[in-house]
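Following: one structure in structure tokens, then a few remarks.
The values are calculated or read from the model by the stated rules, or taken from the named source; none is laboratory data. No experiment lies behind these values; they were computed from the predicted model shown. Glycine gets a Cβ as well: all are built from the backbone with ideal geometry, and neighbour counts include every protein chain shown. For the accessible areas, the whole protein counts, side chains as well, though only heavy atoms, and no ligand, DNA or RNA atoms are used. Shrake-Rupley method; radii C 1.70, N 1.55, O 1.52, S 1.80 Å.
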Amino acid sequence: TSAALALLGGSVAALVVWKWLGKKMIQKKMVEARRTRDEGLKKMAKAVQQFREQVPSAQTDAILSLPLLELTERLREGSLSPRTVLYTYIEKALEVTQQTNCLQHIIPECEEQLQEIQQHKEKGLLYGIPVSIKDHIGHKGHLTTCGLVQCLGTLMEEDSVLVKVLKKQGAIPFATTNVPQSLFSYDCSNPIFGQTLNPFNPQKSPGGSSGGEGALIAGGGSILGIGSDVAGSIRLPSSFCGLCGLKATAERLRWCGCLLLSHPVPCALGPMARDVDSLALCMKALLCQEMFQLDPTVPPIPFNEEVYSSSAPLRVGYYDTDGYFPLPPCMRRAVKETRRALQAAGHQLVPFSPPRIPYVMTELFLKTFFADGGRALLDVFSGDIVDPGLKPLVNSCKMPRLVKKLLALLLKPLQFLLLLEIKDAAMISTCRSVKEMWNHHHQIQLYRSQFITQWKELQLDVVLCPVLGPALTTGYPGKLLTAISSTMLYNILNFPAGVVPVSTVTEADEEELKLYKGCCDDPWDRTLKQAVSGALGLPVAVQCVALPWQDELCLRFMKEVETLSRDK
């Protein structure tokens with residue numbers, strides 16, 4: 001007996017030591033990654049200083065204030081040099097990351113690309129434009145970490161298709177931006193590179209998972225960025241940071257990069273910028289022969305300039321709540337004001353009710369991600385330090401099936417905590433067999449068909465609807481996963497959807513928020529109220545949606561909304 005106890009004690013001690021050594025190894029890798037990042041930023045800061053000494057007359061503020069379309073014209077005609085523009089934006093990006101921690105790396109090869117574009121016989125549509133890219137969009141010789149230690153050792157062997165096309169069009173990818181750990185969050189924090197902050201208010205999140213892009217562009221450190229969106233990851237940072245962002249129809253843009261989980265809701269790429277014309281120019285540049293040749297799975301459909309430039313009146317469906325998670329008063333105000341402006345401009349506005357959002361959220365969306373009870377998600381975090389914002393979700397996936405069922409049964413009548421509701425959805429809405437998984441895929445297709453039928457019956461061109469905002473306080477997105485129903489819906493449907501800032505939070509909005517009860521004044525509603533309070537002056541946006549493959553129409557509608565909001 002004593003020998004058995006000694007053996008057991010020795011085994012426990014060995015396990016404790018093994019875990020301690022593992023944690024130490026992880027911490028060492030993280031420290032090394034941060035050191036490499038910091039050294040790279042210092043090196044680029046020196047390069048900027050050398051440039052400033054060589055070209056002291058560069059008009060930094062004037063360059064940074066130019067809209068993308070005007071900047072491209074100036075570069076193409078030669079009144080501005082790509083070198084001057086590149087170093088101006090690197091300098092500003094370094095300044096913005098000091099305030100927000102938005103950068104992972106400045107790409108040193110951008111200097112090689114600067115030389116390369118000057119050898120091109122033809123100047124591409126994005127000639128000389130510095131472009132930032134989200135961490136997991138692959139660039140040769142660089143990491144795609146997804147905020148995970150397990151991804152720190154693998155450098156990309158070649159550029160992703162998207163980066164190759166950007167370079168072919170004369171763009172200069174110059175920075176990779178921070179993301180939340182695993183990308184499965186709409187905050188922007190990971191244990192390796194830390195928390196990214198909103199450039200307008202350091203207490204607030206920039207959104208996620210393209211939060212580094214949001215913070216960098218909104219802070220003025222990039223004029224054009226590329227993000228990705230599987231539940232709102234382009235649109236939420238755009239909403240929180242006052243940017244325009246487009247989640248394209250998923251199949252129109254492809255890339256080879258890091259994607260940790262495969263599921264029937266496709267990950268869509270899209271541009272983020274300060275105005276809609278910039279998004280349209282980026283899409284026009286990307287939807288070219290180079291893209292179609294490099295990736296034959298992308299349908300060869302060039303950008304339709306005629307649709308984007310049209311001024312024909314639109315038939316616009318609208319709603320200011322999806323009936324599932326009521327958004328703060330300022331976001332609903334934005335939809336109402338935009339609706340009135342569109343009506344006054346001669347467009348036809350039609351009430352529209354998206355069907356069965358509670359069903360979509362729990363049975364289609366959450367079931368997609370937790371079909372296996374969260375096991376694939378746990379594999380992603382295996383051997384990693386979990387970011388505090390993701391711990392409740394990871395811990396819920398670790399709980400035994402029986403415990404989750406009992407908790408859900410006991411606490412559901414009390415509407416206790418959102419996270420327990422997530423546990424409930426993650427556990428009970430699983431696919432327990434291949435047959436169930438096939439049926440789940442079928443249910444998604446069926447819902448898409450029903451939604452399109454309702455859209456067609458009303459003869460709609462586009463839909464105007466709310467988006468989550470204003471920016472949540474850091475740490476809160478992890479407590480409010482199901483608050484993203486407004487964006488998640490259009491990932492399930494795979495409709496192109498974009499965000500346009502139309503207003504800012506007023507004192508009247510803050511006063512009205514004090515009376516906000518949400519759906520039934522439960523802990524979810526009270527948590528959201530806390531998360532969005534103290535947002536005076538922060539951006540307020542709306543969401544614009546079109547049918548699949550009608551990305552140009554979506555952009556055209558976004559442009560109309562942008563023009564009307566600026567004319568107020």
**Request:** Please go through the stretch 112-143 and pick out each residue that is buried (at least 24 other Cβ atoms within 10 Å of the Cβ) and among the polar types (S, T, N, Q).
**Result:** Ser132
**Request:** Mind listing whichever residues of the stretch 460-481 are open to solvent by 10 Å² or more (accessible area, probe 1.4 Å) and either hydrophobic (A, V, I, L, M, F, W, C) or over 21 Å from Asp320 (Cβ atoms) (or both)?
**Result:** Leu460, Thr473, Thr474, Gly475, Tyr476, Gly478, Lys479, Leu481
**Complete:** Exception for Gly40 within (1) modelled with pLDDT under 95; (2) open to solvent by less than 40 Å² (accessible area, probe 1.4 Å); (3) in the same structural domain as Leu143 (by the TED database); (4) of a type in the set (Gly, Ala, Ser) falls at (1)
**Item:** Residues being out of contact with any helix residue (DSSP H, G or I) (no Cβ under 6 Å at 6 or more places or on another chain), more than 16 Å from Gly221 (Cα to Cα) and either of a type outside the set (S, T, N, Q) or part of a loop (DSSP other than H, G, I, E, B) (or both) - total across the stretch 31-66
**Value:** 18
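Return yes or no: is Ala344 open to solvent by less than 50 Å² (accessible area, probe 1.4 Å), of a type in the set (Gly, Ala, Ser) and at pLDDT 95 or above? I'd like the intermediate steps shown before the answer.
Working: open to solvent by less than 50 Å² (accessible area, probe 1.4 Å): no; of a type in the set (Gly, Ala, Ser): yes; at pLDDT 95 or above: yes.
So Ala344 does not fit the description; no.
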**Request:** Go through (1) closer than 20 Å to Phe240 by Cβ; (2) surrounded by fewer than 24 Cβ atoms within 10 Å (Cβ to Cβ); (3) hydrophobic (A, V, I, L, M, F, W, C) one by one and return the number of the condition Val149 breaks.
**Result:** (1)
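What helices (runs of 4 or more DSSP H) completely inside the stretch 205-307 contain at least 1 residues that are in contact (Cβ under 8 Å) with a residue 24 or more places away in the chain, farther than 20 Å from Lys559 by Cβ and not assigned by the TED database to the domain that holds Lys559? Reasoning before the result, please.
On the way: elements: 211-218, 235-241, 276-286, 289-294.
Correct list: 211-218, 235-241, 289-294.
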**Asked** Any idea which of (1) open to solvent by less than 30 Å² (accessible area, probe 1.4 Å); (2) over 18 Å from Glu112 (Cα atoms) is the one Tyr89 doesn't satisfy?
**Response** (2)
**Prompt:** Consider Ala312 against the criteria (1) open to solvent by less than 40 Å² (accessible area, probe 1.4 Å); (2) aliphatic (A, V, I, L, M); (3) over 24 Å from Val230 (Cβ atoms); (4) outside any helix (DSSP H, G or I): it satisfies all of them except one. Which criterion is unmet?
**Reply:** (1)
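Name the single residue, out of those in the stretch 67-77 being part of a helix (DSSP H, G or I) and touching a residue at least 12 places away in the same chain (Cβ under 8 Å), that is surrounded by the most Cβ atoms within 10 Å (Cβ to Cβ).
Thr72
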**Request:** Among the residues of the stretch 323-378, write down those that are in contact with a Leu (Cβ under 7 Å, 6 or more places away or on another chain) and basic (Lys, Arg).
**Result:** Arg339
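Go through Tyr127, Tyr87 for me and flag whichever is touching a Gly at 6+ places or on another chain (Cβ under 6 Å) and of a type outside the set (Lys, Arg). Outline the logic, then answer.
Details: Tyr87 fails: touching a Gly at 6+ places or on another chain (Cβ under 6 Å).
The unique qualifying residue is Tyr127.
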**Asked** From the list Leu64, Leu80, which residue is open to solvent by 10 Å² or more (accessible area, probe 1.4 Å) and within 26 Å of the chain's Cα centre (by Cα)?
**Response** Leu64
**Item:** Answer residue from the stretch 347-374, given it is part of a loop (DSSP other than H, G, I, E, B) and at negative phi and is most open to solvent (accessible area, probe 1.4 Å) among those
**Value:** Ser353
**Message:** Anything in the stretch 223-239 that is open to solvent by less than 10 Å² (accessible area, probe 1.4 Å) and of a type in the set (A, V, I, L, M, F, W, C)? List them, or say none.
**Reply:** Ile223, Leu224, Ile226, Ile234, Leu236
**Asked** List, please: which pairs have Cβ atoms under 6 Å, are six or more places apart or on different chains, and start with a residue in the stretch 543-560 that is within 23 Å of Cys330 (Cα to Cα) and end with one that is among the hydroxyl-bearing types (Ser, Thr, Tyr) and part of a helix (DSSP H, G or I)?
**Response** Val545/Tyr490
**Message:** I'm trying to understand the selection: among the residues of the stretch 315-341, which are open to solvent by 50 Å² or more (accessible area, probe 1.4 Å) and either without any contact (Cβ under 8 Å) to a residue 40 or more places away in the chain or more than 24 Å from the chain's Cα centre (by Cα) (or both)?
**Reply:** Arg315, Gly323, Lys336, Glu337, Arg339, Arg340
**Request:** For residues that are among the hydrophobic types (A, V, I, L, M, F, W, C) and under 24 Å from Leu349 (Cα atoms), tally how many sit in the stretch 490-545.
**Result:** 11
**Complete:** A careful count of residues in the stretch 166-204 that are assigned to a loop (DSSP other than H, G, I, E, B) and either open to solvent by 10 Å² or more (accessible area, probe 1.4 Å) or not aliphatic (A, V, I, L, M) (or both) gives 17
